[in-house]
Amino acid sequence: MTAVAPFAAEGAITCGMVTSKMAPCLGYLTGGALSPSCCQGVESLLAAAQTTPDRQTTCNCLKTASGSIAGINYDNAASLPSTCGVNIPYEISPTTDCTTYVSQLFVF
(Lines give C-alpha, C1' and ligand atoms only; values in the text may rest on other atoms or scores of the structure.)
Protein backbone atom coordinates (compact mmCIF):
# COMPACT_ATOMS: atom_id res chain seq x y z
CA MET A 1 0.00 0.00 0.00
CA THR A 2 2.85 2.42 0.62
CA ALA A 3 4.11 1.80 -2.93
CA VAL A 4 0.78 3.02 -4.34
CA ALA A 5 0.58 6.22 -2.30
CA PRO A 6 3.39 8.10 -4.11
CA PHE A 7 1.81 7.39 -7.48
CA ALA A 8 -1.57 8.66 -6.32
CA ALA A 9 0.00 11.92 -5.16
CA GLU A 10 2.10 12.45 -8.31
CA GLY A 11 -0.51 13.99 -10.55
CA ALA A 12 -3.77 15.55 -9.52
CA ILE A 13 -4.63 17.01 -12.95
CA THR A 14 -6.36 14.85 -15.55
CA CYS A 15 -7.01 15.46 -19.24
CA GLY A 16 -10.69 15.69 -18.35
CA MET A 17 -9.90 18.66 -16.11
CA VAL A 18 -7.77 20.28 -18.80
CA THR A 19 -10.52 19.80 -21.38
CA SER A 20 -13.14 21.20 -19.02
CA LYS A 21 -11.09 24.30 -18.16
CA MET A 22 -10.19 24.92 -21.81
CA ALA A 23 -13.65 24.28 -23.30
CA PRO A 24 -14.63 27.98 -23.19
CA CYS A 25 -11.57 28.69 -25.38
CA LEU A 26 -12.69 26.53 -28.28
CA GLY A 27 -14.29 29.45 -30.13
CA TYR A 28 -11.12 31.53 -29.87
CA LEU A 29 -8.92 28.60 -30.82
CA THR A 30 -10.91 28.12 -34.02
CA GLY A 31 -10.82 31.79 -35.01
CA GLY A 32 -13.62 33.35 -32.98
CA ALA A 33 -13.72 35.89 -30.19
CA LEU A 34 -12.01 35.43 -26.83
CA SER A 35 -14.46 35.02 -23.97
CA PRO A 36 -13.71 36.06 -20.37
CA SER A 37 -14.53 32.50 -19.25
CA CYS A 38 -11.70 31.24 -21.47
CA CYS A 39 -9.11 33.29 -19.62
CA GLN A 40 -10.63 32.29 -16.29
CA GLY A 41 -10.21 28.65 -17.30
CA VAL A 42 -6.61 29.20 -18.41
CA GLU A 43 -5.75 30.98 -15.16
CA SER A 44 -7.46 28.30 -13.08
CA LEU A 45 -5.69 25.50 -14.93
CA LEU A 46 -2.28 27.10 -14.59
CA ALA A 47 -2.85 27.76 -10.89
CA ALA A 48 -3.71 24.07 -10.41
CA ALA A 49 -0.58 22.83 -12.24
CA GLN A 50 1.90 23.26 -9.39
CA THR A 51 3.94 20.06 -9.67
CA THR A 52 6.07 18.77 -12.53
CA PRO A 53 3.73 15.78 -13.12
CA ASP A 54 0.74 18.15 -13.23
CA ARG A 55 2.53 20.48 -15.65
CA GLN A 56 3.50 17.52 -17.84
CA THR A 57 -0.08 16.23 -17.84
CA THR A 58 -1.42 19.69 -18.68
CA CYS A 59 1.11 20.17 -21.47
CA ASN A 60 0.49 16.72 -22.97
CA CYS A 61 -3.28 17.15 -22.81
CA LEU A 62 -3.05 20.56 -24.50
CA LYS A 63 -0.68 19.11 -27.09
CA THR A 64 -3.00 16.19 -27.85
CA ALA A 65 -6.09 18.38 -27.97
CA SER A 66 -4.45 20.96 -30.22
CA GLY A 67 -3.64 18.21 -32.71
CA SER A 68 -7.12 16.74 -32.68
CA ILE A 69 -9.35 19.82 -32.97
CA ALA A 70 -10.42 20.44 -36.54
CA GLY A 71 -9.88 24.00 -37.71
CA ILE A 72 -7.66 25.10 -34.84
CA ASN A 73 -5.82 28.37 -35.41
CA TYR A 74 -2.33 27.63 -34.11
CA ASP A 75 -1.46 31.33 -33.91
CA ASN A 76 -4.42 31.81 -31.55
CA ALA A 77 -3.39 28.73 -29.56
CA ALA A 78 0.18 29.98 -29.22
CA SER A 79 -0.95 33.47 -28.18
CA LEU A 80 -3.67 32.33 -25.77
CA PRO A 81 -1.55 32.47 -22.58
CA SER A 82 -0.21 35.96 -23.27
CA THR A 83 -3.64 37.14 -24.44
CA CYS A 84 -5.01 36.00 -21.08
CA GLY A 85 -2.13 37.63 -19.21
CA VAL A 86 -0.34 34.47 -18.09
CA ASN A 87 3.03 33.04 -19.03
CA ILE A 88 3.80 29.40 -19.70
CA PRO A 89 7.25 28.17 -20.78
CA TYR A 90 5.96 26.33 -23.88
CA GLU A 91 3.77 26.89 -26.90
CA ILE A 92 0.39 25.20 -27.18
CA SER A 93 1.07 23.14 -30.28
CA PRO A 94 0.97 19.50 -31.40
CA THR A 95 4.77 19.65 -31.80
CA THR A 96 5.61 20.82 -28.27
CA ASP A 97 8.07 18.66 -26.35
CA CYS A 98 6.42 18.63 -22.93
CA THR A 99 9.45 17.08 -21.25
CA THR A 100 11.68 20.06 -22.07
CA TYR A 101 9.91 22.99 -20.44
CA VAL A 102 7.44 21.75 -17.85
CA SER A 103 9.77 21.69 -14.88
CA GLN A 104 9.77 25.48 -14.91
CA LEU A 105 7.15 27.29 -12.86
CA PHE A 106 4.37 29.20 -14.55
CA VAL A 107 4.55 32.95 -14.00
CA PHE A 108 1.39 34.99 -13.63
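The values are calculated or read from the model by the stated rules, or taken from the named source; none is laboratory data. Just so it is clear, the structure is predicted and the values come from calculations on it, not from any experiment. Virtual Cβ from ideal backbone geometry, glycine too; neighbours counted across all protein chains shown. Each accessible area value is taken on the protein alone, full model and side chains, heavy atoms only, with ligands, DNA and RNA left out. Shrake-Rupley method; radii C 1.70, N 1.55, O 1.52, S 1.80 Å.
Structure notes:
- Region 94-108, residues that are assigned to a loop (DSSP other than H, G, I, E, B), at pLDDT 60 or above and surrounded by 15 or more Cβ atoms within 10 Å (Cβ to Cβ): Pro94, Thr96
- Within region 25-36, considering residues that are open to solvent by 50 Å² or more (accessible area, probe 1.4 Å) and without any contact (Cβ under 8 Å) to a residue 24 or more places away in the chain, the one farthest from Asn87 (Cα to Cα): Ala33
- Subset tally (residues that are in a helix (DSSP H, G or I) and buried (at least 19 other Cβ atoms within 10 Å of the Cβ)) for region 39-90: 19
- In the set (1) closer than 14 Å to Val18 by Cβ; (2) modelled with pLDDT of 90 or more, the condition left unmet by Arg55 is number (2).
- Any hit, region 10-24, residues being touching a residue at least 60 places away in the same chain (Cβ under 8 Å), at negative phi and open to solvent by 70 Å² or more (accessible area, probe 1.4 Å): no
- Within region 42-63, the set of residues being in contact with a Pro (Cβ under 7 Å, 6 or more places away or on another chain) and closer than 14 Å to Cys15 by Cβ comprises just one member, Lys63.
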